[in-house]
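A short write-up of the structure that comes next.
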Amino acid sequence: MTRNGPRNAGAHLPGEILKRAGVHMDKLSSLLSHWKANMGEPLVSHSFPVSYDNGRLSLRADTSAWASRLRHSQAEIMDELRNDPYFHDLRELYVRVLPERARAPGEKRRQSIVLPSRIPDNAANLIKSVADDILDPALRRSLIRLAGARDKSVPAKR
């Protein structure tokens with residue numbers, strides 16, 4: 001901090017580095033805008049381009065499921081992108097899953113809370129009656145266990 005207040009980081013970097021960073025940011029911005037213009041939802045919301053050099057487009061996906069979907073649709077994606085002159089020399093898609101962000105020391109991982117399923121009494125009674133007629137003991141036990149998960153907030157009818 002100077003006596004005139006804080007200075008931006010660019011004030012501490014050589015001009016050549018700032019120029020290269022600016023060119024890189026312009027390339028990324030252009031790549032992202034072409035990606036969004038050619039690819040529709042929900043693909044754009046779950047993936048983004050990282051780089052495009054020498055005919056190789058590197059993509060990042062939110063999850064492994066989206067990465068798999070990108071890899072599976074690779075031929076169609078490449079055909080669609082090649083219609084844009086920006087991607088005329090596209091030869092390869094490289095897909096990776098976005099790594100999970102690093103946590104601060106002591107920060108706990110958020111766990112999702114899964115509430116047990118509750119079924120209405122009439123559905124539980126129906127499942128129980130079906131279970132009584134099942135010959136397979138493992139299936140019968142599973143159905144009886146499922147029937148036992150009925151909604152406890154409503155008193156059972158007698």
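What the table shows:
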quantity: Theoretical gain in end-to-end length, residue 54 to residue 134 [0.36 nm per residue, Cα-Cα removed]; calculated: 22.5 nm
quantity: Förster radius 30 Å - calculated FRET efficiency between residue 89 and residue 26 (Cβ-Cβ, nearest 0.05); calculated: 0.95
quantity: Where labels lie 7 Å past Cα in the beta-carbon direction, separation of residue 44 and residue 75 in nm; calculated: 2.6
quantity: Cubic angstrom per residue, convex hull over Cα atoms of the stretch 16-97; calculated: 92
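Read the figures in this text as sums done on the coordinates, not as results from a lab. From a predicted model like this one, the values you see are computed outputs, not experimental measurements. Every residue, glycine as well, gets a Cβ built from its backbone with ideal geometry; the counts of neighbours run over all protein chains shown.
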